[in-house]
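The structure appears right after this line, and notes come after that.
The values are calculated or read from the model by the stated rules, or taken from the named source; none is laboratory data. Treat the numbers as computed from the prediction; the structure is a model and nothing was measured. All Cβ positions, glycine included, derive from the backbone under ideal geometry; neighbour counts span all protein chains shown.
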Amino acid sequence: MKKFFLLYIFSLLLFNCTDKDAEYFDPRGTDYAGSQSCIQCHKPTHEAELTHAHYNATAPGTPENVLGNFSEGHNAFVYDGGTKIAMERRGDSICHVLYENGKEQKVFPVGIVFGSRHAQTSVYWENRNTYELPVSYYTSVQNWGTSPGFSSVRPQLDRKVVKDCYACHSSNASSSVRRGPSEKTNFMTGDIEDVIDPKTIVFGIDCERCHGPAKKHVTHHLKFPGEKQPFAITKYSALTNRQKLDACAICHSGVSGVKIKSIFSFRFGDAFADYWLKPQSDNPEVHGNQYGLLSQSKCFTASNNLNCTTCHDPHDGKKQGPDYFTPVCVGCHTSPSHNSETTKIMSLKRLAGNCVECHMPKQASRAIIFQQYKNSEFSKYLLRTHKIAVYPNP
Ligand code: HEC
Ligand code: HEC
Ligand code: HEC
Ligand code: HEC
Ligand code: HEC
Ligand code: HEC
Ligand code: HEC
């Protein structure tokens, strides 16, 4: 009797399990399985991914995701004429509240946040679209400041955050959910309306944003658990170096240029040139254009196998910090010879250590500047350049 009962419970559990998988509905199309489904077979990769900035490139605007100081005296940006925006916790939400002469005018609940490392920008919902809030949080100064390009004199509340932002910062944002497979979409059934349905948003850059739709892969390996050869998933190792570069450059070569196709549809193996027309630049921007800068380095032009994953683990965000990269440099520069001029002023120990400190120095972004107070000087937004070179006065 007991045996039967256990069997019954077991079958119920099994049934529930399959039921739950069948229930999962991905707004990108029926050929997507969702990141949760990868955990059962790729647990270490999934755990690593949680530490990466990609995971939080966008997130719901819940209190645990919103950065900043909300305590009295540290939570407001004061504009001209008695206008201010205060960042406040109200119930379960974080809100930006517009005040005029001490009187509350309008409350903007934070809907979505962009970023988690150097800066975080918030957006609110209105008329089925999202708008950027005029105040952002900057971790380098641990303070609020104007959102990049916003006035410090009056709060601007009309900056629509278009789908392009989501195309680099999320895994999906569209006007409606897809009921069929993603490859069936065309310009008639595609994402034509200029609105965003919140139900379609897949936050952050998830497994299938990079690896492509993987429902077939999941179904196959669940059915044949003994099979060790990857089925129905692009093998990164089989790509050319150009394709490997393009897989990251699609989002890491800046925002200038003309888009030919939605980059949401980019897959491993696709050519960057089919998606973007980029202007040539002698002086690529340090923010967001790692590809443009790297491609101007001698390390890149004089070798044929350097790409982003030479230095970066695509999943593990803990493997960062300048020291981490020294062995990678030394992998190619087995015994870098510094001349006597250099060794006279810099100790050998220092030269053997942190290569990045001198050859990939931090530079101020030209695109991201912000003000911490009304009419104050612009604060610098420093990032490491990917143009590996010899710099004066390192
Ligand atoms: C039922 C088990 C199973 C599930 C679920 C699963 N995979 Fe896999 N996956 C495998 C096996 C087996 C391999 C081949 C051995 C290996 O590389 O670990 C593999 C390999 C891969 C590879 C490496 C391909 C290469 O370059 O060799 C990628 C990428 C991948 N899976 C992505 C995913 C993603 C994304 C998901 C979730 C949407 C997922 N897998 C879910 C079993 C699974
Ligand atoms: C879909 C767009 C997209 C793709 C594809 C993409 N990235 Fe990113 N990446 C981003 C965005 C957006 C951020 C900034 C996220 C943030 O800080 O909120 C980022 C951040 C990073 C960071 C910074 C991590 C940190 O700790 O500050 C690294 C390193 C990185 N990406 C490497 C890569 C590599 C390597 C690839 C290719 C294998 C790649 N990215 C592909 C969009 C993308
Ligand atoms: C072409 C791809 C692309 C587009 C479009 C784009 N971003 Fe980014 N964004 C990136 C990358 C890549 C990074 C991280 C690299 C860096 O810091 O150099 C980044 C960084 C950021 C950060 C800082 C994140 C952090 O953790 O420090 C914020 C905030 C941000 N973007 C917001 C936006 C907003 C808002 C929009 C639309 C107005 C936008 N981005 C459009 C690619 C893009
Ligand atoms: C930013 C793009 C990106 C994202 C997001 C991403 N991957 Fe990967 N993944 C890669 C790249 C690039 C490689 C190849 C790394 C290499 O061979 O150097 C890879 C390799 C793999 C491999 C095979 C080798 C290994 O490292 O185990 C598996 C399995 C895998 N990814 C699964 C996943 C899963 C599961 C997720 C989500 C939790 C995920 N990936 C998210 C880019 C990504
Ligand atoms: C894939 C191999 C490879 C890797 C990895 C690599 N380099 Fe290079 N690097 C080269 C080659 C090839 C050259 C050109 C020949 C030379 O000067 O040795 C070069 C040139 C340089 C130069 C001279 C640049 C100039 O403009 O004169 C510096 C400095 C340099 N590398 C530093 C670094 C540092 C620091 C790292 C790690 C962050 C690094 N490299 C990683 C291959 C590499
Ligand atoms: C030769 C090694 C090397 C290569 C190749 C390389 N990176 Fe980096 N990357 C670094 C170093 C070093 C840092 C700074 C890490 C730190 O200071 O924590 C960095 C930081 C970043 C950041 C964070 C920016 C910041 O300052 O927070 C992003 C994003 C990034 N890399 C993307 C890329 C992409 C995309 C590619 C390929 C086009 C690439 N990297 C190729 C070494 C490299
Ligand atoms: C404290 C600053 C500093 C550090 C740290 C440093 N370098 Fe350099 N490096 C320089 C300067 C300055 C030059 C140009 C003058 C010279 O050749 O000594 C240079 C030149 C180079 C060159 C070009 C030499 C040539 O023949 O043109 C390479 C390659 C290089 N460094 C690699 C490295 C590597 C790899 C590391 C880490 C192990 C490193 N450097 C650490 C300051 C530094």
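Computed quantities for the displayed model
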item: Wholly within region 199-297, helices (runs of 4 or more DSSP H) carrying at least 1 residues that are within 29 Å of M360 (Cα to Cα) and in contact (Cβ under 8 Å) with a residue 12 or more places away in the chain; result: 207-211, 241-249, 290-294
item: Test result for T219, closer than 17 Å to D26 by Cβ and polar (S, T, N, Q); result: yes
item: For E357: the one exception among (1) over 26 Å from the mean Cα position of the chain (by Cα); (2) surrounded by 14 or more Cβ atoms within 10 Å (Cβ to Cβ); (3) within 11 Å of ligand 5 (Cβ to nearest atom); result: (1)
item: Among (1) closer than 28 Å to F370 by Cα; (2) more than 13 Å from ligand 2 (Cβ to nearest atom); (3) surrounded by 13 or more Cβ atoms within 10 Å (Cβ to Cβ), the one test that C165 misses; result: (2)
item: Filter result (under 17 Å from I263 (Cα atoms) and either of a type in the set (F, W, Y) or without any contact (Cβ under 8 Å) to a residue 12 or more places away in the chain (or both)) within region 171-188; result: N186, F187
item: Sole residue being over 30 Å from A57 (Cβ atoms) and either basic (K, R) or within 9 Å of ligand 6 (Cβ to nearest atom) (or both), chosen from K319, K344; result: K344
item: Any pair with Cβ under 8 angstrom, 6 or more apart, that starts in region 141-169 at a residue that is modelled with pLDDT under 95 and ends at one that is surrounded by fewer than 17 Cβ atoms within 10 Å (Cβ to Cβ) and among the charged types (D, E, K, R); result: D164/K259
item: Residue check, D323 within 15 Å of ligand 4 (Cβ to nearest atom), among the acidic types (D, E) and either in a loop (DSSP other than H, G, I, E, B) or more than 22 Å from I250 (Cα to Cα) (or both); result: no
item: Given (1) of a type outside the set (F, W, Y); (2) out of contact with any Asp or Glu (no Cβ under 8 Å at 6 or more places or on another chain); (3) more than 12 Å from ligand 4 (Cβ to nearest atom); (4) more than 16 Å from H42 (Cβ to Cβ), number of the condition K261 does not satisfy; result: (2)
item: Members of region 111-141 found to be in a loop (DSSP other than H, G, I, E, B) and within 16 Å of I94 (Cβ to Cβ), listed by number; result: G111, G115, S116, L133, P134
item: Any hit, region 98-106, residues being away from ligand 6 (no atom under 16 Å from the Cβ) and within 23 Å of the chain's Cα centre (by Cα); result: no
